[in-house]
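Working notes, structure below.
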Amino acid sequence: MQASLSSAPDGHATLPSPLQRLHHPLLTRYGVELWCKRDDLIHPAISGNKWRKLKYHLLHAREHGKQHLLSFGGAYSNHIHALAAAGYQTGLRTTGIIRGEADAVSNTTLRDARRWGMDLVFVDRQSYRRRQDPDWLAQFDAPDTLIVPEGGSSPLAIPGVAELVGEVPFSPDLWVLPCASGGTLAGLIAGKRDREQILAIAVLKGGDFITDEVYRLHPAAASIPGWRIALDHHDGGYAKFSPALWQWVQNFSADTDLPLEPIYSGKAMWGLFRELAAGRIAPGSKIVFIHTGGMQGLAGLREQGRL
Ligand SMILES: Cc1ncc(COP(=O)(O)O)c(C=O)c1O
């Protein structure tokens, strides 16, 4: 994928993504070392876990003669944004099935997607709920179409995410990342070395389902120890965040020179420090935090007057 994308007008891919050492007084207090795997810098439009998750979908499409990628998302979806950019740059047609009414949702995310040639089909919430139902999906099926599940989380996402482990030049004691559908976590479980631990911060409320999702996406995960999902740092639920969280994120960003947004990367970083404060992470740990991208979401939050 890299070769075709790097010649694209919207930017070049940076791989391996940079690894940034973070310095902060709290890290000294808790006696840990922290690096950030800057996957947000992989590509200007296909950033973070989207690049990792889409890579093998795009290769699969090419190998199987698919000319059309179809997927699902909300009106501010990072995944829809990235898929549209990937289609634009690889010459594949794209369709986004968007939850909501066309009139109610016109924003930077969807304007970019349209600009990159994505067809947008708006469906009501009730229909959208059926996005995994084969009977409902049948209407979109065609020989030239690859249907990519919401968020890009399918077994094809696993190898792309697993590859990031080999890009870090040492073996961390702990990986930390945000999680929602569990696809990125499943890929990291597949790629990590036996001794390495993973702490996934659920960014949504009621994340008990994520473990089963991880098993569905990567069945071997059931017999791989060393990972856990922290469920109590959602701060109200998916895409919700308190003024206190956002203030903390902005302070941390300024102190460490690390751009963060409050829905995924910022919430997960906040969660990591709550785990440190609760004494749930061993002093002396070398921690790599994965920045899964999503910075384009900040424009949407500003448009909604939420920041
Ligand atoms: C920027 C960003 N980070 C993290 C996630 C969570 O990843 P996953 O759904 O694979 O758990 C998503 C998407 O859901 C995302 O857009």
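Against the numbered list (1) acidic (Asp, Glu); (2) within 27 Å of residue 132 (Cα to Cα); (3) more than 9 Å from the ligand (Cβ to nearest atom), residue 213 comes up short only at (3). If the condition is being in a strand (DSSP E or B) and either in contact with a Leu (Cβ under 6 Å, 6 or more places away or on another chain) or among the aliphatic types (A, V, I, L, M) (or both), then the stretch 66-114 contributes 69, 70, 71, 94, 95, 96, 97, 98.
So that you can scan it fast, the table gives a plain yes or no per residue for (1) open to solvent by less than 50 Å² (accessible area, probe 1.4 Å); (2) touching a Pro at 6+ places or on another chain (Cβ under 9 Å); (3) within 18 Å of residue 151 (Cα to Cα); (4) at pLDDT 95 or above:
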site: 263; (1), (2), (3), (4): yes, yes, yes, yes
site: 268; (1), (2), (3), (4): yes, yes, yes, yes
site: 271; (1), (2), (3), (4): yes, yes, no, yes
site: 276; (1), (2), (3), (4): yes, no, no, yes
site: 282; (1), (2), (3), (4): no, no, no, yes
site: 285; (1), (2), (3), (4): yes, yes, no, yes
site: 291; (1), (2), (3), (4): yes, yes, yes, yes
site: 301; (1), (2), (3), (4): yes, yes, no, no
site: 304; (1), (2), (3), (4): no, no, no, no
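A count restricted to the stretch 184-197 and to residues that are more than 12 Å from the ligand (Cβ to nearest atom) and among the aliphatic types (A, V, I, L, M) stands at 1.
What about residue 142, is it modelled with pLDDT of 95 or more, part of a loop (DSSP other than H, G, I, E, B) and over 22 Å from residue 239 (Cβ atoms)? Spelling it out, residue 142 is indeed modelled with pLDDT of 95 or more, part of a loop (DSSP other than H, G, I, E, B) and over 22 Å from residue 239 (Cβ atoms). When restricted to residues that are loosely packed, with under 10 Cβ neighbours inside 10 Å and either at pLDDT 95 or above or more than 18 Å from residue 152 (Cα to Cα) (or both), the stretch 120-137 contains 3.
Of the residues making up the stretch 19-49, just one is closer than 16 Å to residue 265 by Cα, within 16 Å of the ligand (Cβ to nearest atom) and open to solvent by 30 Å² or more (accessible area, probe 1.4 Å), namely 41. Residues in the stretch 82-94 that are open to solvent by 10 Å² or more (accessible area, probe 1.4 Å) and of a type outside the set (Lys, Arg): 88, 89, 90, 91, 92.
Here's the yes/no breakdown for (1) touching a residue at least 24 places away in the same chain (Cβ under 8 Å); (2) more than 23 Å from residue 110 (Cβ to Cβ):
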| position | (1), (2) |
| --- | --- |
| 215 | no, yes |
| 245 | yes, yes |
| 271 | yes, yes |
| 306 | no, no |
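Return yes or no: is residue 231 in contact with a strand residue (DSSP E or B) (Cβ under 9 Å, 6 or more places away or on another chain) and buried (at least 24 other Cβ atoms within 10 Å of the Cβ)? So residue 231 does not fit the description; no. Are any residues in the stretch 157-169 open to solvent by 50 Å² or more (accessible area, probe 1.4 Å) and assigned to a loop (DSSP other than H, G, I, E, B), and if so, which ones? Result: 169, single match. For the stretch 265-307, filtering for residues that are among the polar types (S, T, N, Q), within 14 Å of the ligand (Cβ to nearest atom) and touching a strand residue (DSSP E or B) at 6+ places or on another chain (Cβ under 9 Å) leaves 2. Evaluation of residue 222 against the conditions (1) in a helix (DSSP H, G or I); (2) surrounded by 13 or more Cβ atoms within 10 Å (Cβ to Cβ) shows that the sole unmet condition is (2). Only one entry in 252, 241, 273, 289 is within 17 Å of the chain's Cα centre (by Cα) and aromatic (Phe, Trp, Tyr), namely 289. Pairing residues of the stretch 121-138 that are more than 11 Å from residue 73 (Cα to Cα) with residues that are among the hydroxyl-bearing types (Ser, Thr, Tyr) and surrounded by 10 or more Cβ atoms within 10 Å (Cβ to Cβ), at Cβ distances under 9 Å and at least 6 apart in sequence or on separate chains, gives 136/127.
The values are calculated or read from the model by the stated rules, or taken from the named source; none is laboratory data. Since the structure is predicted, the reported quantities are computational estimates derived from the model, not experimental observations. Virtual Cβ from ideal backbone geometry, glycine too; neighbours counted across all protein chains shown. Just the protein is used for accessible areas: all its heavy atoms, side chains included, with ligands, DNA and RNA removed. Shrake-Rupley method; radii C 1.70, N 1.55, O 1.52, S 1.80 Å.
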